[in-house]
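Enquirer: Quick one: the structure is below, questions incoming.
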Amino acid sequence: MKVSWIVGAAFFLLSMWIAWSAQSWIVGVLGLSWNQEALGQWGDSFGALNALFSAFAFIAVLVTLRQQRADLANQQKQISQDRHDQHMQQFETTFYELLRLLREARDAVEFRHSDEYEIYRVEIRGDSRASALTKGTEAFKQANFEMLFWIKRAEAQNNGPLTAEILADLYTKHIHNRFESSLAPYYRILYTHLMRIKDDAFLSQDQKNGYGNLLRSQLTSHEVALCCYDGLAPFSGSLRSLIIEFRMAKYLSDEFGRRYLNDIYPETTFLGRN
């Protein structure tokens, strides 16, 4: 478009120069004498035409400015899109790297039953003696079973539902403090993962929900239950708010601890999204 404008303007100027060079011949053809007064009157008759040309020139300037503005907006839009695409690539790379680290941290988690719970399992319930030490998802499973044991005992002693403070104390004393060295790295990575999703400026809310759902799908019910207990402890920072925001306990069943958390966490923690 810009090239055609330049060519058109050059052609117009060339035509005007030729016309000026041949003005004597043109005046003769038009039947005018080479008289300044007559030529002046004839030139004045082109006033309206000059005004029209000026208007066309002004319109051409406006069109050019508008086109330049549109080109600049398109360039900025393309730059913004390129930045967004580049960021999304970096975000997904980091997301899946953190997911890998979370799995490795989970595999490194260790747990061994306390003597009191082991006596209960073997002598009262009649279960076979557990292995000395469990790791990975089995460690979370056994830790959650022991947590449920202490919750039921405390519930019986209190003759009613337990507060968030009591659940946090039970978890801290019987689970976290005993195996903090392997549990703490797992929760730090989980916390970092959720915070990166929450604080990302390029992600829409639907995208954040989607990545949160994907992360949640990687956790077992026992992991989710222990995360909810951990979120109640003072040392967990804002993990509780992240659990609520990303609805991490959506699929947690009553059997694995939901009924003890229903009154502690808001209802939305256990709901899906439309």
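Enquirer: Can you pull out the residues in the stretch 165-189 that are within 26 Å of the chain's Cα centre (by Cα) and either farther than 15 Å from Leu239 by Cα or of a type outside the set (A, V, I, L, M, F, W, C) (or both)?
Expert: Pro185, Tyr186, Tyr187, Arg188
Enquirer: Any residue in the stretch 64-77 that is among the β-branched types (Val, Ile, Thr) and over 30 Å from Arg153 (Cα atoms)?
Expert: Scanning the stretch 64-77, I find at least one residue that is among the β-branched types (Val, Ile, Thr) and over 30 Å from Arg153 (Cα atoms), so the answer is yes.
Enquirer: Name the residues in the stretch 171-187 that are touching a residue at least 24 places away in the same chain (Cβ under 8 Å) and not small (Gly, Ala, Ser), would you?
Expert: Tyr171, Thr172, His174, Ile175, His176, Arg178, Phe179, Leu183, Pro185, Tyr186, Tyr187
Enquirer: Here is a further query. How many residues are in a helix (DSSP H, G or I) and closer than 14 Å to Met195 by Cβ if we restrict to the stretch 228-243? It would help to see each step written out before you state the result.
Expert: Taking the stretch 228-243 as the starting set, the residues that turn out to be in a helix (DSSP H, G or I) are 228-232, 234-236, 239-243.
If we keep only those that are closer than 14 Å to Met195 by Cβ as well, we get 231, 236, 239-243.
The qualifying residues number 7.
Enquirer: Considering only the stretch 190-211, state which residues are farther than 16 Å from Gly237 by Cα and among the basic types (Lys, Arg).
Expert: Lys208
Enquirer: Same structure again: Answer yes or no as to whether Ser221 is hydroxyl-bearing (Ser, Thr, Tyr), surrounded by fewer than 20 Cβ atoms within 10 Å (Cβ to Cβ) and modelled with pLDDT of 95 or more.
Expert: Here the answer is yes, as Ser221 does meet what is asked.
Enquirer: Right, another one. Do we have any residue at all in the stretch 101-118 that's among the acidic types (Asp, Glu) and touching a residue at least 60 places away in the same chain (Cβ under 8 Å)?
Expert: yes
Enquirer: Take the residues of the stretch 224-256 that are hydroxyl-bearing (Ser, Thr, Tyr) and buried (at least 17 other Cβ atoms within 10 Å of the Cβ): which is farthest from Leu98 (Cα to Cα)?
Expert: Initial filter on the stretch 224-256 (hydroxyl-bearing (Ser, Thr, Tyr)): 229, 236, 238, 241, 251, 253.
In the following step, the residues that additionally are buried (at least 17 other Cβ atoms within 10 Å of the Cβ) were identified as 229, 236.
Working: Tyr229: 22, Ser236: 19 Å.
The residue in question is Tyr229.
Enquirer: Answer yes if at least one residue in the stretch 93-110 is in a helix (DSSP H, G or I) and over 30 Å from Asn213 (Cα atoms), and no otherwise. Write out each step before concluding.
Expert: If we filter the stretch 93-110 for residues that are in a helix (DSSP H, G or I), which is where we start, we get 93-108.
Those still in the list that are over 30 Å from Asn213 (Cα atoms) too: none.
No: the stretch 93-110 contains no residue that is in a helix (DSSP H, G or I) and over 30 Å from Asn213 (Cα atoms).
Enquirer: Across the stretch 178-206, what is the number of residues that are polar (S, T, N, Q) and touching a strand residue (DSSP E or B) at 6+ places or on another chain (Cβ under 7 Å)? Before you say what the answer is, go through the steps one by one.
Expert: First pass over the stretch 178-206, keeping only residues polar (S, T, N, Q): 181-182, 192, 204-205.
The next check asks that each one be touching a strand residue (DSSP E or B) at 6+ places or on another chain (Cβ under 7 Å); those that pass are 182.
So the count comes out to 1.
Enquirer: If you scan the stretch 189-216, which residues turn out to be of a type in the set (Lys, Arg) and either crowded, with 18+ Cβ neighbours inside 10 Å or farther than 15 Å from Glu97 by Cβ (or both)?
Expert: Selection gives Lys198, Lys208, Arg216.
Enquirer: Continuing with this model, one more query. Look at the stretch 244-274 and say how many of its residues are hydrophobic (A, V, I, L, M, F, W, C), under 21 Å from Lys173 (Cβ atoms) and part of a helix (DSSP H, G or I).
Expert: Initially, the stretch 244-274 is screened for residues hydrophobic (A, V, I, L, M, F, W, C), giving 244, 246, 248-249, 252, 256, 261, 264, 270-271.
Filter again for under 21 Å from Lys173 (Cβ atoms), leaving 256, 261, 264.
Narrowing the set further to residues that are part of a helix (DSSP H, G or I) leaves 256, 261.
Within the stretch 244-274, residues that are hydrophobic (A, V, I, L, M, F, W, C), under 21 Å from Lys173 (Cβ atoms) and part of a helix (DSSP H, G or I) number 2.
Enquirer: While we're on this one: Return the only residue of Ala130, Ala156, Ala139 being surrounded by 15 or more Cβ atoms within 10 Å (Cβ to Cβ), modelled with pLDDT under 95 and among the hydrophobic types (A, V, I, L, M, F, W, C).
Expert: From the options Ala130, Ala156, Ala139, the qualifying one is Ala130.
The values are calculated or read from the model by the stated rules, or taken from the named source; none is laboratory data. Note that the structure is a prediction, hence the values are computed from the model and not measured. When we count neighbours, we look across all protein chains shown, and the Cβ atoms used for this are built from the backbone with ideal geometry, even at glycine.
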